[in-house]
Amino acid sequence: MKTIIATNDAPSAIGTYSQAVKVGTTVYLSGQIPLIPETMEVVQGGFAEQTEQVFKNLVAVCEAAGATINDMVKVNIFMTDLANFATVNEIMGRYFEQPYPARAAIGVRQLPRGVEIEIDGILEIPSVN
């Protein structure tokens, strides 16, 4: 059985998808772009500010699912310029503790709303014994 995860602390879906879907103890997070949840506008600033906002949005969805960002086991990062990879690493290091999740970084031509980064992933909710 699947459960839809939704929170007002992350941007609402701008298409035909859910913020996240939980099946068992696994949660599949839809891609987050750097939208400010309250205004649904792209955060002001450059790549670093966009990346920071994306991670804030991911944190909110993870928490709505009953987990933390450190429970993510797989992260997919889509960037319009792979030259920004060092910035992603630096900011990601502020949100994740070791052991880090598996990760892919993919260069793409274009992302929704003209943003420079989108991140999705999978998390595993820790068992409570």
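For the range 68-113, a residue qualifies if it is among the aromatic types (Phe, Trp, Tyr), farther than 17 Å from residue 56 by Cβ and in a helix (DSSP H, G or I), and exactly one does: 85. Looking at 10, 48, just one residue is in a loop (DSSP other than H, G, I, E, B), in contact with a helix residue (DSSP H, G or I) (Cβ under 7 Å, 6 or more places away or on another chain) and hydrophobic (A, V, I, L, M, F, W, C), and that residue is 10. Being charged (D, E, K, R), touching a Phe, Trp or Tyr at 6+ places or on another chain (Cβ under 7 Å), surrounded by 16 or more Cβ atoms within 10 Å (Cβ to Cβ) and at pLDDT 95 or above, is that true of even one residue in the range 103-118? Yes; the residues of the range 103-118 include at least one that is charged (D, E, K, R), touching a Phe, Trp or Tyr at 6+ places or on another chain (Cβ under 7 Å), surrounded by 16 or more Cβ atoms within 10 Å (Cβ to Cβ) and at pLDDT 95 or above. Of the residues making up the range 80-96, those that are more than 14 Å from residue 55 (Cα to Cα) and either surrounded by fewer than 16 Cβ atoms within 10 Å (Cβ to Cβ) or not hydroxyl-bearing (Ser, Thr, Tyr) (or both) are 81, 82, 83, 84, 85, 86. So for the range 51-60 (the condition being over 14 Å from the mean Cα position of the chain (by Cα), modelled with pLDDT of 95 or more and outside any strand (DSSP E or B)), does at least one residue qualify? There is no residue in the range 51-60 that is over 14 Å from the mean Cα position of the chain (by Cα), modelled with pLDDT of 95 or more and outside any strand (DSSP E or B).
Of the residues making up the range 15-58, those that are of a type in the set (A, V, I, L, M, F, W, C) and within 23 Å of residue 104 (Cβ to Cβ) are 20, 21, 23, 27, 29, 33, 35, 47, 48, 54, 55, 58. When the test is whether a residue is under 17 Å from residue 14 (Cα atoms), buried (at least 17 other Cβ atoms within 10 Å of the Cβ), of a type in the set (A, V, I, L, M, F, W, C) and under 13 Å from the mean Cα position of the chain (by Cα), residue 69 does not pass it. For the range 94-108, the set of residues classified as over 19 Å from residue 17 (Cβ atoms) and touching a Ser or Thr at 6+ places or on another chain (Cβ under 7 Å) is empty.
Total residues in the range 26-79 satisfying the condition of being among the acidic types (Asp, Glu) and either on the phi > 0 side of the Ramachandran plot or out of contact with any Asp or Glu (no Cβ under 9 Å at 6 or more places or on another chain) (or both): the figure is 4. The requirement of being crowded, with 22+ Cβ neighbours inside 10 Å, among the hydroxyl-bearing types (Ser, Thr, Tyr) and under 16 Å from residue 120 (Cα atoms) is fulfilled nowhere in the range 5-25; no residue meets it. Taking the range 53-94 as the region of interest, how many residues are in contact with a Phe, Trp or Tyr (Cβ under 9 Å, 6 or more places away or on another chain) and acidic (Asp, Glu)? Counting residues in the range 53-94 that are in contact with a Phe, Trp or Tyr (Cβ under 9 Å, 6 or more places away or on another chain) and acidic (Asp, Glu) gives 1.
The values are calculated or read from the model by the stated rules, or taken from the named source; none is laboratory data. What you see is a predicted model, and the numbers here were worked out from it, not measured in a lab. Virtual Cβ from ideal backbone geometry, glycine too; neighbours counted across all protein chains shown.
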